[in-house]
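First the structure, in the form of structure tokens, and then the observations on it.
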Amino acid sequence: MARSGYEAGMKMMEELTTNAEQIQEQVLEEILGRNAGTEYLRRFLRGETDTKLFKANVPIVTYEDIKPYIDRIANGEPSDILLDEPVIQFYRSSGTSGGQPKLIPTTAELANKGAIFCTLLQSVMTKHFGDLDHAGKIMELMFTKPVIETPSGLQAASVSTSIFKKSGFRTISKLYTSPIETIFCSDTKQSMYCQLLAGLIRRDEVVTVGSTFASTVLRSIKFLEDYWQELCSNIKIGQISDWIIDSGCRNAASLILKHNPDLAYSIENICSCKSWEGIIRKLWPKAKYISAINTGVMSQYTAELEFYGGGLPLVSGFYACSEAICGINLEPLSKSSDVSYTFLPNMAYFEFLPMKKDCVTISQDQAQFDGLSRHESIEMKTNNEDTEPVDLVNVKPGQCYELLVTTSAGLYRYRVGDILMVSGFHNNTPQFRFVERQNVILSIHVDKTSEADLLKAVTEAKALLDPLGIFLTGYTSYGDTSSIPGHYVLFWELKGKEGNNIKEVDPKIMVECCSKMEESLNYTYKMYRKENEIAALEIRVVKQGTFDALMDYYVSKGASLSQFKAPSCTKSMEALKILDSRVIGKFFSPKTPI
Ligand code: AMP
């Protein structure tokens, strides 16, 4: 982005954040002006457009509450039952409902907001890193997901897939190292191979390396560990491997792949080093930063990404969801643990449900020192029943809130499911740290597994033990990201129905339990599992008495004995030590779930 462009973008940012209150009021008035007559809002507003009435009468809802309307639109009823503007497509969110991705309506107006957001984001990046668009290429790893068609003929796709499919993306695709055909290859392995190949071929031009999420960048490094020799051999002889059979990928590769032994040797030299510390910087020496969201669940990958980055800044640029674009990180050079997102008051009407008690802002290290996971400590302190939401400009520093959005695309006081903490203000607009996704206990990539999802999967799997006369007497879980891709680990304590101690279990049946659990988990888990973004689920059978030892530990840390219940998920180092020291068998799911 040229200097004049970024200055205009930064000016817009200043105006938006200075006039947040008026802009929010305007956004809500516009939404009500257009949508008050819809079947949905008429139930609460009787056609009125008054913003006070909106707050008094329109209920706070979850996806399940509006799903009947969304399903009707997806099945062919006119969209004006929910929103005035025609729905042009649905976004498929990584959050699920009844095991399936949520469908979020989208409109032409929202697409325009997306374009404004991109300008603002790019302005912030240009301000901090200079005009990189003209300095070289962006090595961004991009993947698409299947597009489905609803019975009404409307398409449903993930936000990123929708962006890549737009004609506007084709015009800017020359800024990236990845040829567009490789992004659209439905086989993730071939796509990843060819995108890495393209990034290596142009390694001297690459000015940033990244992907939307930190987990994908790490996954690509792991992939490179496995394939660098083959990639180098392709570069050496100027020919792509035979197993790349996707015609788009082959054609794209043939256009950029030239016989280049010197390049191959220099990559081999770097990759054959024993330690891969700083590998990203070594392979792409002109890169100025690594762009990838590394807040929220992605913060589990920060340390590893820093190791491979060799000092390159990690930039977590924005906070957005299928429902709305929310905020931008105005300080892209800030430490991952300090990243805050400044909300954009023109993107949606935002409200915030205060959590009854302040959320605990102890660091992960402190939490682990205390023997409690961050998730557990926050969960114990939060509850937002019976509280009234507050407007964007009225939130209080240090306080945690659950985010509600009202958009022109048919979401009214909709619970996004994210918990945010106010870290400060930029002009009159608050900045938020991402605290956690509500009701998500396990997440390796963008999968979101709730306590209820996990319980359902455990219940279905443990039924396989019934005929053997074996009970499951306790379970807990954690997301193991010590290797990439990470995987779900379940600790199971078993007991014979006759009261007998279980010293050994039939490995075949335990492997089946692993498979059954994976089959029972939700769509998003299974999709990423198939793409190997998540590795095979593992069950670790622990000795009898382990969950008693776990309880003793929690009681020693202050939990009440009478109220104690083993957490469905734990991140506490101490608890994991107790569990791991009592493992008597480890079993893995042998195949990807159907
Ligand atoms: P989706 O609806 O599939 O687009 O996923 C959106 C969700 O991803 C959000 O509701 C958040 O839970 C999470 N998310 C998006 N951006 C960030 C971010 N910058 N930091 C942490 N979590 C994020």
Within region 434-484, residues being away from the ligand (no atom under 14 Å from the Cβ) and more than 23 Å from S572 (Cβ to Cβ) number 14
Enumeration of residues in region 176-188 that are open to solvent by 20 Å² or more (accessible area, probe 1.4 Å) and either within 14 Å of C249 (Cα to Cα) or of a type in the set (S, T, N, Q) (or both): P179, I180, E181, F184, S186, D187, T188
Can you tell which of V207, V217 is buried (at least 24 other Cβ atoms within 10 Å of the Cβ), touching a Phe, Trp or Tyr at 6+ places or on another chain (Cβ under 9 Å) and either among the β-branched types (V, I, T) or in a strand (DSSP E or B) (or both)? V217
Can you tell me which residue within region 14-65, out of those that are under 32 Å from the mean Cα position of the chain (by Cα) and not in a helix (DSSP H, G or I), is surrounded by the fewest Cβ atoms within 10 Å (Cβ to Cβ)? P59
Picking from G37, G76, which residue would you name as being in contact (Cβ under 8 Å) with a residue 40 or more places away in the chain, small (G, A, S) and closer than 30 Å to T96 by Cβ? G76
Can you tell me which residue is farthest from the ligand (Cβ to nearest atom) among those in region 332-343 that are part of a loop (DSSP other than H, G, I, E, B) and without any contact (Cβ under 8 Å) to a residue 60 or more places away in the chain? K335
So, E402, is that one modelled with pLDDT under 95 and among the acidic types (D, E) or not? no
Working only within region 118-144, note down all residues that are surrounded by fewer than 20 Cβ atoms within 10 Å (Cβ to Cβ) and not polar (S, T, N, Q). C118, K127, H128, F129, G130, D131, D133, H134, A135, G136
Can you confirm whether V416 is out of contact with any Asp or Glu (no Cβ under 8 Å at 6 or more places or on another chain) and either within 12 Å of the ligand (Cβ to nearest atom) or open to solvent by less than 20 Å² (accessible area, probe 1.4 Å) (or both)? no
If we ask which residues in region 579-594 are closer than 26 Å to V297 by Cα and open to solvent by 30 Å² or more (accessible area, probe 1.4 Å), their number turns out to be 6
Considering only region 407-422, state which residues are within 12 Å of F350 (Cα to Cα), among the aliphatic types (A, V, I, L, M) and in a strand (DSSP E or B). V416
Quick check on region 235-243. Is at least one of its residues open to solvent by less than 40 Å² (accessible area, probe 1.4 Å), closer than 25 Å to I293 by Cβ and of a type in the set (S, T, Y)? no
Residues satisfying the stated conditions in region 548-557, i.e. more than 15 Å from Y478 (Cα to Cα) and either touching a helix residue (DSSP H, G or I) at 6+ places or on another chain (Cβ under 9 Å) or open to solvent by 60 Å² or more (accessible area, probe 1.4 Å) (or both): D548, A549, D552, Y553, Y554, S556, K557
Contacts under 6 angstrom Cβ, first residue in region 315-327 being farther than 13 Å from F432 by Cβ, partner within 8 Å of the ligand (Cβ to nearest atom) and open to solvent by 10 Å² or more (accessible area, probe 1.4 Å), 6 or more apart: S322/Y91; S322/S93; S322/V159
Residue, farthest from Y40 (Cα to Cα), within region 61-111, restricted to residues that are at pLDDT 95 or above and among the polar types (S, T, N, Q): Q89
Kindly provide the set of residues from region 152-203 that are among the aliphatic types (A, V, I, L, M) and part of a helix (DSSP H, G or I), ordered by number. V159, I163, I172, L175, I180, I183, M192, L196, L197, A198, L200, I201
So, in region 81-122, exactly how many residues are away from the ligand (no atom under 16 Å from the Cβ) and either in contact with a strand residue (DSSP E or B) (Cβ under 9 Å, 6 or more places away or on another chain) or closer than 26 Å to A36 by Cβ (or both)? 13
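Residue by residue, here is whether (1) at pLDDT below 95; (2) of a type in the set (S, T, Y); (3) open to solvent by 20 Å² or more (accessible area, probe 1.4 Å); (4) within 30 Å of L218 (Cα to Cα) holds:
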site	(1), (2), (3), (4)
K495	yes, no, yes, no
G499	yes, no, yes, no
I509	no, no, yes, no
E512	no, no, yes, yes
E519	no, no, yes, yes
Y523	yes, yes, yes, yes
A559	yes, no, yes, no
Q563	yes, no, yes, no
K571	yes, no, yes, yes
Quick one: in region 254-280, which of the residues that are touching a residue at least 60 places away in the same chain (Cβ under 8 Å) and open to solvent by less than 80 Å² (accessible area, probe 1.4 Å) is farthest from E230 (Cα to Cα)? I280
Could you check region 149-175 and list, in sequence order, the residues that are within 15 Å of the ligand (Cβ to nearest atom) and either exposed (fewer than 15 other Cβ atoms within 10 Å of the Cβ) or not hydroxyl-bearing (S, T, Y) (or both)? A156, A157, V159, I163, F164
Looking at S316, S272, S299, which is the one that is hydroxyl-bearing (S, T, Y) and more than 16 Å from the ligand (Cβ to nearest atom)? S272
Does Y176 fit the bill of being touching a strand residue (DSSP E or B) at 6+ places or on another chain (Cβ under 8 Å) and aromatic (F, W, Y)? yes
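The values are calculated or read from the model by the stated rules, or taken from the named source; none is laboratory data. Nothing here was measured: the structure is a model prediction, and the numbers come from that model. Here the Cβ is made from the backbone with ideal geometry for all residues, glycine too, and neighbour counts use every protein chain on show. These area figures cover heavy atoms from the full protein model, side chains too; ligands, DNA and RNA do not enter into them. Shrake-Rupley method; radii C 1.70, N 1.55, O 1.52, S 1.80 Å.
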